[in-house]
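Data first, discussion second: the structure below is written as structure tokens.
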Amino acid sequence: MQAIAGLEARVYAPHPLHGASRDWAETNCSVDLMIELVASLGRAPEAALGVTAALDFEGDQFTFFKLASEDLRDLCGIEIQELSLYDDLLGHMETQIARGRVVLVEVDAWRLPDTAGVSYRLEHSKTTIGVNRLDRAARSIGYFHNAGYFDLEGEDFDGLFPSARDGLPLFPYCEIARIGAPPSGDVAALAARRLAGHVSRAPRDNPFAEFAARLDQDAAALAGRAPAAFHKYAFNTLRQAGANFELLAAHLDWLAQNGQGDFSAAREGALAIAARAKALQFQLARAVTRRRTQGLAAQVEPLEQAWTRAIGALRREIAP
């Protein structure tokens, strides 16, 4: 039983947005999953990346950004709806997959073999997978996660989907990706208009200035904690920011290639954020290890300047 027929984990090739040459080959479980899901349908995930222009600093982390549901619907032909679970989880999944829908379900990465060396059998952490293939009798699924498509079976299947009679204390959060017809009309022109809306929601104050104001304090606190604390902090700050703006650059490239204008100034600023965030993450790791954390805030200034160039250029070049 498959929602999207013909996918095989053993020969699956990730989309170029997850290529090894990129500064940030992965972003977060939600965005990475949707990139691969859209691409597996032969559609352009770059079209729906305009939401990255609105990234903000939320006080203790950069926005855990997700692709906007209306952009996925209108630019990629995928509608996301919450799935209400009230009975056997596998039964719900079978019903939806039989209707051609990919089931997006929150699970424990402890049971995901594609996270070997990071979470698999090492660490309990929440993540989202997109279940495309389900064989209850064989205790096997095919699923989208992060930058690829994978198989899972046996004991891991049992751990992810315990029998309802075993007593689930709480149902997981679950959605369905309803796959419609490919979008028609001038998708690039619509994407450019949507980008204008996202730019209008971009923060008025520079989010990297706010991040800089607390970085030294955060780094000092991390210096006295286990390495896992650093990795979680880096994921929610520099990785989210860097990956976000590298995807914004890809969106601007796609718009330019499809006749929507020249966004070279904004693209340059976005790529500068991606590269500088990666370099600063390495600096932060060294500083925390050596317990020499003062002065890191000054290293954020190039990110502040690049954000001003990128968002300033977009505000000049594209208007609601």
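The values are calculated or read from the model by the stated rules, or taken from the named source; none is laboratory data. Keep in mind the model is a prediction, meaning the values are calculated, not measured. FYI the Cβ positions are ideal-geometry reconstructions off the backbone, even for glycines, and counts take in every protein chain you see.
What pairs can you find where one residue is in region 292-320 and touching a residue at least 12 places away in the same chain (Cβ under 8 Å), the other is outside any helix (DSSP H, G or I) and of a type in the set (D, E, K, R), and their Cβ atoms are less than 9 Å apart, with a gap of 6+ or different chains? The qualifying pairs are Glu317/Asp262.
Examine region 233-248 for a residue that is outside the structural domain of Cys29 (by TED's automatic domain parsing), in a helix (DSSP H, G or I) and closer than 30 Å to Gln2 by Cα, and state whether such a residue exists. Yes - at least one qualifying residue is present in region 233-248.
Can you pull out the residues in region 111-127 that are under 16 Å from the mean Cα position of the chain (by Cα) and farther than 17 Å from Ala226 by Cα? Steps first, please.
Of the residues in region 111-127, the ones under 16 Å from the mean Cα position of the chain (by Cα) are 115, 125-127.
Matches in region 111-127: Thr115, Lys126, Thr127.
Here is a yes/no grid of residues against (1) under 12 Å from the mean Cα position of the chain (by Cα); (2) not charged (D, E, K, R):
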| residue | (1), (2) |
| --- | --- |
| Val38 | no, yes |
| Leu49 | yes, yes |
| Phe65 | yes, yes |
| Glu70 | no, no |
| Ile97 | no, yes |
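Restricting region 116-132 to residues that are under 20 Å from Lys66 (Cβ atoms) and surrounded by 15 or more Cβ atoms within 10 Å (Cβ to Cβ), the residue that is modelled with the lowest pLDDT is Ser125.
Restricting attention to region 192-205, does a residue exist that is in contact with a strand residue (DSSP E or B) (Cβ under 6 Å, 6 or more places away or on another chain) and modelled with pLDDT of 95 or more?
Among the residues of region 192-205, not one is in contact with a strand residue (DSSP E or B) (Cβ under 6 Å, 6 or more places away or on another chain) and modelled with pLDDT of 95 or more, which makes the answer no.
What about Phe263, is it under 19 Å from Arg316 (Cα atoms), aromatic (Phe, Trp, Tyr), within 18 Å of the chain's Cα centre (by Cα) and surrounded by 16 or more Cβ atoms within 10 Å (Cβ to Cβ)? Answer is no for this residue. In region 16-59, the qualifying residues are those that are touching a helix residue (DSSP H, G or I) at 6+ places or on another chain (Cβ under 8 Å) and among the acidic types (Asp, Glu), and the one that is surrounded by the most Cβ atoms within 10 Å (Cβ to Cβ) is Glu46.
Exactly one residue among Leu85, Leu7, Leu67, Leu33 is outside any helix (DSSP H, G or I) and closer than 18 Å to Pro172 by Cβ, and that residue is Leu85.
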